[in-house]
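Undergrad: Pasting a structure below so you can have a look.
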Amino acid sequence: MKRLEGTFGIALILLMSSCLLHMVMAPNNTISASCKQLALHLIWCVLHLLRTVVIVEPSHFTQVEMDRTHLLVSQLILQNSDGLMSEELDKFYKYLLLNKITYTPMGICTLSRSLLATMLGSVATYLVILIQLSHFEKRPI
């Protein structure tokens, strides 16, 4: 895992930053778009969201499978009576317990669904502020 993060860490950070920037700008452009361009901008919003999901989801799937493997190994330990096999399963169980498998590019963030939720929350917050400020500017004094 460390080799993967060291190799693609910068690329993953740049890719996720690009996704966040596009997820902020696409709805912003949608708000200011004319009726003819509205459908196109909405499609762009959905595509940027899907691109982010496609990046994050394999990492989440890996974490789910590691948790499932951890559970299966613990069940095998309980069912196994062979001494040598039991020792090896115990070592593997401890390895899984001590080494949580996650994708953390450059140690900045963990690629998981919580990162996706955080990104969507920040985009929503930005849009709420933007809409409030645009209404504030249109008010007569």
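Undergrad: For segment 106-118, name all the residues that are modelled with pLDDT of 85 or more and in a helix (DSSP H, G or I).
TA: Arg113, Ser114, Leu115, Leu116, Ala117, Thr118, listed by residue number.
Undergrad: So, one more: Name every residue in segment 68-126 that is closer than 28 Å to Val46 by Cα and β-branched (Val, Ile, Thr), in order of residue number.
TA: Thr102, Thr104, Ile108, Thr110, Thr118, Val123, Thr125
Undergrad: Something else: Checking Val123 against (1) part of a helix (DSSP H, G or I); (2) in contact with a helix residue (DSSP H, G or I) (Cβ under 6 Å, 6 or more places away or on another chain); (3) farther than 18 Å from Leu21 by Cβ, which single condition isn't satisfied?
TA: (3)
Undergrad: Shifting gears a bit: Looking only at residues in segment 30-61 that are loosely packed, with under 15 Cβ neighbours inside 10 Å and of a type in the set (S, T, N, Q), which one is farthest from the chain's Cα centre (by Cα)?
TA: Taking the candidates together, the pick is Ser34.
Undergrad: Return the total of residues in segment 89-109 being exposed (fewer than 12 other Cβ atoms within 10 Å of the Cβ) and either touching a strand residue (DSSP E or B) at 6+ places or on another chain (Cβ under 7 Å) or not β-branched (Val, Ile, Thr) (or both). Step through it out loud before you land on a result.
TA: We begin by selecting, within segment 89-109, every residue exposed (fewer than 12 other Cβ atoms within 10 Å of the Cβ); these are 91, 94-95, 97-99, 107-108.
Then keep just the ones that are either touching a strand residue (DSSP E or B) at 6+ places or on another chain (Cβ under 7 Å) or not β-branched (Val, Ile, Thr) (or both); that gives 91, 94-95, 97-99, 107.
Qualifying residue count for the region: 7.
Undergrad: So, one more: Filter segment 22-59 down to the residues that are among the aromatic types (Phe, Trp, Tyr) and either under 17 Å from Ser122 (Cα atoms) or touching a residue at least 40 places away in the same chain (Cβ under 8 Å) (or both) and list them by number. Break it down stepwise before answering.
TA: From segment 22-59, those among the aromatic types (Phe, Trp, Tyr) are 44; that's our starting set.
Of everything in segment 22-59, nothing turns out to be among the aromatic types (Phe, Trp, Tyr) and either under 17 Å from Ser122 (Cα atoms) or touching a residue at least 40 places away in the same chain (Cβ under 8 Å) (or both).
Undergrad: Looking at Thr62, Thr69, Thr118, which one is touching a residue at least 12 places away in the same chain (Cβ under 8 Å), under 25 Å from Ile10 (Cα atoms) and not acidic (Asp, Glu)?
TA: Details: Thr69 fails: under 25 Å from Ile10 (Cα atoms); Thr118 fails: touching a residue at least 12 places away in the same chain (Cβ under 8 Å).
Thr62 is the lone residue from the list that is touching a residue at least 12 places away in the same chain (Cβ under 8 Å), under 25 Å from Ile10 (Cα atoms) and not acidic (Asp, Glu).
Undergrad: Right, something else. Any residue at all in segment 3-12 that's touching a residue at least 24 places away in the same chain (Cβ under 8 Å) and of a type in the set (Asp, Glu)?
TA: yes
Undergrad: Evaluate segment 72-92: report whether one residue or more is touching a Phe, Trp or Tyr at 6+ places or on another chain (Cβ under 9 Å), within 22 Å of Gly9 (Cβ to Cβ) and of a type outside the set (Val, Ile, Thr).
TA: Within segment 72-92 (the criterion being touching a Phe, Trp or Tyr at 6+ places or on another chain (Cβ under 9 Å), within 22 Å of Gly9 (Cβ to Cβ) and of a type outside the set (Val, Ile, Thr)), the answer is no, since none of the residues qualifies.
The values are calculated or read from the model by the stated rules, or taken from the named source; none is laboratory data. The structure presented is a predicted model; accordingly, all values stated were derived computationally and were not measured. A quick note on method: Cβ atoms are made from the backbone with ideal geometry, for glycine too, and the neighbour counts reach across all protein chains shown.
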